[in-house]
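**Q** Let me begin by handing over the structure; questions about it come next.
The values are calculated or read from the model by the stated rules, or taken from the named source; none is laboratory data. Predicted, not measured: the structure shown is a model, and the values here were computed from it. Cβ placement follows ideal geometry from the backbone for every residue including glycine, while neighbour counts extend to all protein chains displayed.
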């Protein structure tokens, strides 16, 4: 069965520090997508990035970067020069091809990031 | 364009009652899914609807049901409420292709007393 593990429950950093959020996944499918979502206090989940299982490349977008490694089943997320507005709960999620649907995501338990001045 | 709209934002019910939550997806999105978020169980998939048909269902009892209308709007219903049903219920809409990102609403916070 699919599983997503976010071992870090809570991380506190001082503004401008870099922070990496870890995500490890388990799946038997060869076709899958991985996602990162952010949940600010307002409650809605905000999409950040997705990666499919066929493209093992890292990506940088502004202050955000992602490291996808199939060999270790990891999909880690780094925020460079963190800001107070980055404070939120971050979720890693997995969507398997076998489900036949875009919408059935398996979420990790989330990592609460607190950025202070 | 308008995002996913969920109503009501907050709801307080007592045990044994039933509740209906509403979700209006982003225009053009035909897939609507529902998630339950609790401190203990985290985010869990409830079900997904596409073209008025349930395409997928999570591991929840039959007290949880839903439907989708021809305009893609969706409702979920919980009958015979239990204390453990207290949660944030999130609706998401998306295009139908596998791997598409989900757009979430702000959720309905349900408290069962």
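**Q** Identify, please: which residue in region B:102-113 is within 14 Å of chain A (Cβ to nearest Cβ) and part of a loop (DSSP other than H, G, I, E, B) and is, among those, modelled with the lowest pLDDT?
**A** Top of the filtered list is B:102.
**Q** Evaluate the following for residue A:55: is it touching a strand residue (DSSP E or B) at 6+ places or on another chain (Cβ under 9 Å), exposed (fewer than 13 other Cβ atoms within 10 Å of the Cβ), without any contact (Cβ under 8 Å) to a residue 40 or more places away in the chain and under 22 Å from residue B:107 (Cβ atoms)?
**A** On the way: touching a strand residue (DSSP E or B) at 6+ places or on another chain (Cβ under 9 Å): yes; exposed (fewer than 13 other Cβ atoms within 10 Å of the Cβ): yes; without any contact (Cβ under 8 Å) to a residue 40 or more places away in the chain: yes; under 22 Å from residue B:107 (Cβ atoms): no.
Against the criterion (touching a strand residue (DSSP E or B) at 6+ places or on another chain (Cβ under 9 Å), exposed (fewer than 13 other Cβ atoms within 10 Å of the Cβ), without any contact (Cβ under 8 Å) to a residue 40 or more places away in the chain and under 22 Å from residue B:107 (Cβ atoms)), residue A:55 does not qualify.
**Q** Can we say residue A:9 is over 28 Å from residue B:29 (Cβ atoms) and more than 14 Å from chain B (Cβ to nearest Cβ)?
**A** Considered against the rule, which asks whether it is over 28 Å from residue B:29 (Cβ atoms) and more than 14 Å from chain B (Cβ to nearest Cβ), residue A:9 comes out as no.
**Q** Does residue A:112 qualify as being assigned to a loop (DSSP other than H, G, I, E, B) and more than 10 Å from every other protein chain (Cβ to nearest Cβ)? Quick ask: steps written out before the conclusion?
**A** Details: assigned to a loop (DSSP other than H, G, I, E, B): no; more than 10 Å from every other protein chain (Cβ to nearest Cβ): yes.
So residue A:112 fails the test.
**Q** Which of the residues belonging to region A:61-95 are under 19 Å from residue A:42 (Cβ atoms) and surrounded by fewer than 12 Cβ atoms within 10 Å (Cβ to Cβ)?
**A** Across region A:61-95, the qualifying residues are A:84, A:85.
**Q** Name the residue that is nearest to the chain's Cα centre (by Cα), counting only residues in region A:38-49 that are within 15 Å of residue B:107 (Cα to Cα) and more than 8 Å from every other protein chain (Cβ to nearest Cβ).
**A** This residue is A:38.
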